[in-house]
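> This is the structure, below, for whatever I ask next.
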Amino acid sequence: VSLHKPEIKLESLKEDIKDFLKTSGWEKKLQNAVYSELNVFPSPCHPAAPPEHMKEPLAYMRKAQGSWEKRILKSLNSMCTELSIPLAQKRPVNEQKELLNKWNEMGTDEPDLSLFRPVYAPKDFLEVLMNLRNPNYENGEQTSFRNHLGLIQVPLKVKDIPELKEDFSELGLNVGQLGIDDSAQVPPEFFENEHVRVGQKVLAEQDSAAAQQYVRQGCPTALRADLWALILNISDQPEDILYYEQLKSNVIQHDLLVDSLIYKDVKLTASNDDYYFVFEDYLYQVLLCFSRDTSVLEHFTYSSATPPKSYIRGKLGMEEYAVFYPPNGVIPFHGFSMYVAPLCFLYHEPSKLYQIFREMYVRFFFRLHSISSHPSGIVSLCLLFETLLQTHLPQLFYHLREIGAQPLRISFKWMVRAFSGYLATDQLLLLWDRILGYNSLEILAVLAAAVFAFRAVNLMEVTSLAAAEAVLADLSTLKVMPLLQIFLFATVT
């Protein structure tokens, strides 16, 4: 339409378009979209690299992930057979009506789930990671790595404290932080007022990159929901609400076996949690819709995982009869619903809550339950955690190892859940601010090591794994930011 206006001249078309993008606000939108892509997709591989290198460059990691997937499927299929329940079926019309009527109070429904069990729990996954080996090192030439006494036995490059200090420089002792009560340099209320003012300015500018830089020092509670949405490049568009409604109607029409796994998981985790039990209905809505969302499949281009396939009955192995199952390619495990629970504090509109969760999942959370060599992948996080402890608290590390309480056995579940359900919610959100701010999950491993450092005196006195677990059973009183600061910037290295 604009091109037909008489004041638009062909010779100045390029400049006119630039001006139009600026004045209409589209320039910012395009910038944010590009920034979002750069944050999510890996940097391009060498042109000659095969496509699977995009997913995972190390062949033995790809192989391990493949056999882990087979195990998960076997577990799912045997449950199907035992309970003689189909993977998917159309709901009868009366059941569809009933579900639609109680969509906002699914928590009151008490289906009998006693026969369902989680497909796997984090500790099953840890056993698999402990058995990972690089076949090139099998002949005992792994001298540099042999002094790693932790459970993870693959040589990946992880950062040391000087590198972490540089990466997380905004957490320094002389930088204002939200989540630190008594910073000596700046009175906290002065910093907070100024920080809120800057935050409002960042929001007014609608610049994703600026928002990401800003949240490294923490988000003011009142601005967090909007800032996270800006970083994740999520806006309230009518088509997004429509898309959510379509997913909802898919849930209403079809019953999937994974629905029962989702129900069971929410009942076992969030429903028993003092902070999250009130969000039970939201969790069902978001997770049931998520399982039907085929757009989630796109993240498998840069994830080491591959979505599982199901074949139409009697057509096993015939690719034209294969469908991804569940439709989003993600089989939930014990604790999966805890990735959504903290977000319910920030977003009360289901379609917005849904979009934020989906984006958090395809950027971050999928890395916590797949085998890869990525620096934010769970294998690297485990190795980073063990290396930090072994290097900086060697006595504690050896003591725990000697009594059969390998530290990773305790911290693994914290990291797999990104600490959700372990920290108090206000502290967890301060931690997730930094995950978004640094576009990295490495902070989870640093925090896990910092927790051990904080409780080191008590841990030095324990004589069994059970006793060590008891010392670390309750993290709900911990203050995340002082722990991280002291561990990174006040530890003598």
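> Only one of S43, S12 is at pLDDT 70 or above and either within 22 Å of the chain's Cα centre (by Cα) or in a helix (DSSP H, G or I) (or both); which? Lay out the reasoning, then the answer.
Values: S43 fails: at pLDDT 70 or above.
Every option except S12 fails the conditions.
> Also: So D112 ticks every box in (1) in contact (Cβ under 8 Å) with a residue 40 or more places away in the chain; (2) farther than 30 Å from L203 by Cβ but one. Which box is left unticked?
Going through (1) in contact (Cβ under 8 Å) with a residue 40 or more places away in the chain; (2) farther than 30 Å from L203 by Cβ one by one, D112 breaks only (1).
> Name the single residue that is farthest from V379 (Cα to Cα) among those in the stretch 152-164 being open to solvent by less than 60 Å² (accessible area, probe 1.4 Å) and more than 23 Å from the chain's Cα centre (by Cα).
I161
Listed here are the residues, each with its yes/no results for (1) part of a helix (DSSP H, G or I); (2) more than 30 Å from F366 (Cβ to Cβ); (3) open to solvent by 10 Å² or more (accessible area, probe 1.4 Å).
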residue	(1), (2), (3)
Q390	yes, no, yes
L430	yes, no, yes
L444	yes, no, no
T477	no, yes, yes
I486	yes, yes, yes
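> Taking only the stretch 79-104 into account, find how many residues are among the hydroxyl-bearing types (S, T, Y) and over 20 Å from V323 (Cβ atoms). Break it down into steps so the answer makes sense when it comes.
Step one: filter the stretch 79-104 for residues among the hydroxyl-bearing types (S, T, Y), giving 81, 84.
Filter once more, so that each one left must be over 20 Å from V323 (Cβ atoms): 84.
Selection size over the stretch 79-104: 1.
> Additional query: If only one of F300, F279, F366 is under 21 Å from K63 (Cβ atoms), open to solvent by 10 Å² or more (accessible area, probe 1.4 Å) and outside any loop (DSSP other than H, G, I, E, B), which one is it? Walk me through how you get there before you give the answer.
Working: F279 fails: under 21 Å from K63 (Cβ atoms); F366 fails: open to solvent by 10 Å² or more (accessible area, probe 1.4 Å).
Checking each option against the conditions leaves just F300.
> Select from the stretch 55-108 the residues that are among the aliphatic types (A, V, I, L, M), in a helix (DSSP H, G or I) and under 30 Å from Y244 (Cα atoms) and list them in ascending order.
So the first thing to find is which residues in the stretch 55-108 are among the aliphatic types (A, V, I, L, M), and the list is 58-59, 61, 64, 72-73, 76, 79, 83, 85, 87-88, 93, 99-100, 106.
Now narrow it down to the ones that are in a helix (DSSP H, G or I): 59, 61, 64, 72-73, 76, 79, 83, 93, 99-100, 106.
I72, L73, L76, M79, V93, L99, L100, M106 - these are the residues of the stretch 55-108 that are among the aliphatic types (A, V, I, L, M), in a helix (DSSP H, G or I) and under 30 Å from Y244 (Cα atoms).
> Can you find a residue that is modelled with pLDDT of 95 or more and of a type in the set (S, T, N, Q) anywhere in the stretch 409-416?
The answer is yes; a qualifying residue exists.
> I would also like to ask the following. For the stretch 282-297, name all the residues that are of a type outside the set (A, V, I, L, M, F, W, C) and open to solvent by 10 Å² or more (accessible area, probe 1.4 Å).
Y282, R292, T294, S295, listed by residue number.
> Also, quick follow-up: Can you say whether R216 is among the charged types (D, E, K, R) and under 25 Å from G25 (Cβ atoms), as far as the supplied structure shows? First the steps, then the outcome.
Values: among the charged types (D, E, K, R): yes; under 25 Å from G25 (Cβ atoms): no.
No: the conditions fail for R216.
> I'm trying to understand the selection: among the residues of the stretch 266-295, which are charged (D, E, K, R) and free of Cβ contacts under 8 Å to residues at least 24 places away in the same chain?
Kept after step one, since they are charged (D, E, K, R), are these residues of the stretch 266-295: 267, 273-274, 280-281, 292-293.
Scanning the stretch 266-295 gives a single hit, D274.
> Can you name every residue in the stretch 400-423 that is open to solvent by 40 Å² or more (accessible area, probe 1.4 Å) and assigned to a helix (DSSP H, G or I)? It would help to see each step written out before you state the result.
Of all residues in the stretch 400-423, those open to solvent by 40 Å² or more (accessible area, probe 1.4 Å) come to 401-404, 409, 413, 422.
The answer is R401, E402, R409, K413.
> Output the number of residues of the stretch 330-346 satisfying the condition of being of a type outside the set (V, I, T) and open to solvent by 10 Å² or more (accessible area, probe 1.4 Å).
Counting residues in the stretch 330-346 that are of a type outside the set (V, I, T) and open to solvent by 10 Å² or more (accessible area, probe 1.4 Å) gives 4.
> Among the residues in the stretch 447-466, are any modelled with pLDDT of 95 or more, open to solvent by 20 Å² or more (accessible area, probe 1.4 Å), assigned to a helix (DSSP H, G or I) and of a type in the set (V, I, T)?
The answer is yes; a qualifying residue exists.
> Same structure, new question: For A64, only one of the following conditions fails: (1) modelled with pLDDT under 90; (2) buried (at least 17 other Cβ atoms within 10 Å of the Cβ); (3) small (G, A, S). What is its number?
(1)
> Right, another one. In the stretch 62-87, what residues are among the charged types (D, E, K, R) and within 21 Å of the chain's Cα centre (by Cα)? Quick ask: steps written out before the conclusion?
Of the stretch 62-87, the ones among the charged types (D, E, K, R) are 62-63, 69-71, 74, 82.
Scanning the stretch 62-87 gives R62, E69.
> Please enumerate the residues belonging to the stretch 61-108 that are touching a residue at least 24 places away in the same chain (Cβ under 8 Å) and in contact with a Lys or Arg (Cβ under 8 Å, 6 or more places away or on another chain).
Result: R62, M79, L99, W103.
> Report yes if some residue within the stretch 120-127 is part of a loop (DSSP other than H, G, I, E, B) and loosely packed, with under 14 Cβ neighbours inside 10 Å; otherwise report no.
Filtering the stretch 120-127 for residues part of a loop (DSSP other than H, G, I, E, B) gives 120-121.
Remaining after also requiring loosely packed, with under 14 Cβ neighbours inside 10 Å: none.
Looking through the stretch 120-127, none of the residues is part of a loop (DSSP other than H, G, I, E, B) and loosely packed, with under 14 Cβ neighbours inside 10 Å.
> Moving on. Given V266, V286, which one is under 30 Å from G179 (Cα atoms) and either modelled with pLDDT under 95 or of a type in the set (F, W, Y) (or both)?
Numbers: V286 fails: either modelled with pLDDT under 95 or of a type in the set (F, W, Y) (or both).
Result of the check over V266, V286: V266.
The values are calculated or read from the model by the stated rules, or taken from the named source; none is laboratory data. Everything numeric in this text was worked out from a predicted model, so none of it was measured. Virtual Cβ from ideal backbone geometry, glycine too; neighbours counted across all protein chains shown. Heads up: the accessible areas ignore ligands, DNA and RNA and are worked out on the full protein's heavy atoms, side chains in. Shrake-Rupley method; radii C 1.70, N 1.55, O 1.52, S 1.80 Å.
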